[in-house]
Amino acid sequence: MLLRNGRQAMSMSVFSRQRFWMAPLLLILSTTCPAQIPVPEPVTDDETEVGMEVYNEVRSTGQLVESSPLYDRLRLITEALARAAQPYYPHPLKFYIIHASRPNAASTPGGNIYVVDSLMTFAKNTEELAGTLCHETAHTIHRDSLARLEKEQKIYARQLAAAILLGPTVAHILGIAIIGDLDRNHYSREIESRADITGSDLCASAGYNPWGLVWLFEDFQSADPNQIPQFLADHPANNTRIRDLKQHFRDSPAAFARFDPDRRSAHALNVPKNAPESFLPAEPPQGRAGEHR
């Protein structure tokens, strides 16, 4: 990480020089089941335990998409993104689709990133969707959700203590807290700006035009407020984020000069509207196979 203009930014040179935890590079989705949901990583530490609890809570809503052509389209982006981002995170990155009317995406501990199906039709081109996924992957690399939980632990302390006495683990309670926050933005201005910068670096490394995130912010100006993805809509203001990204691009010409800022260079997303979806059966939060307590 480099400190640049009072904010942290991940530069491409840092990507190549620094050593982070190395994890096996896994495909996001199985090639033998091209339209299928990825298999959750088994619990191996506290981070994956919280991630599993979030997964269980999401599944209990009955809106977790098990199979859809949308996974095929998503995989075209996420496989390249995983190759760029996986060396900087110790758990395999996995992308899940959730059915909901308002576009959204959220990263959770353990490497799981949830994408709402309506986001894939809200994005106007491949670069905008890639920018969104890169932004959320940056939150994962920075462990922002865990940091927020640690900050809020004092607030939850009494509730956690009472819940533990009744049986559930801390990870289970934190999992419930996270899934309750998926539709709201709980990151600070500084954290969101940092995810924008790192996300643009990831996009460039993956071969996707990082101007897609700028174009997405510009589209917010004329979008229906009820359709703006919440994870990008609140902090900081769109104009500030656009300004900061453009400055980052100017500061790193070796990484960004090759990308065209003209949105007419964008590639069509070609996501079918009303794509068929089948859902994982909703199960009770406790007593599931694979749940560790």
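Each value in this text was obtained by applying a stated rule to the coordinates, not by laboratory testing. All of these numbers come straight from a predicted model, not from anything done at the bench. Cβ sites come from the backbone with ideal geometry, for glycine too, and all protein chains shown count toward neighbours.
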note = With Ala82 itself left out, Lys, Arg at +1 and Asp, Glu at -1 over residues whose Cβ is under 11 Å from its Cβ give +2
query = Under the definition of Cα pairs under 8 Å and six or more residues apart, what whole-number percent is the relative contact order of region 98-147?
reply = 38 percent
key: Peptides 49-61, 246-258 ordered by average Cβ neighbours within 10 Å, highest first   = 49-61, 246-258
request  = Compare the peptides 128-136, 202-210, 270-278 by average per-residue count of other Cβ atoms within 10 angstrom and give them in order, highest first.
outcome  = 128-136, 202-210, 270-278
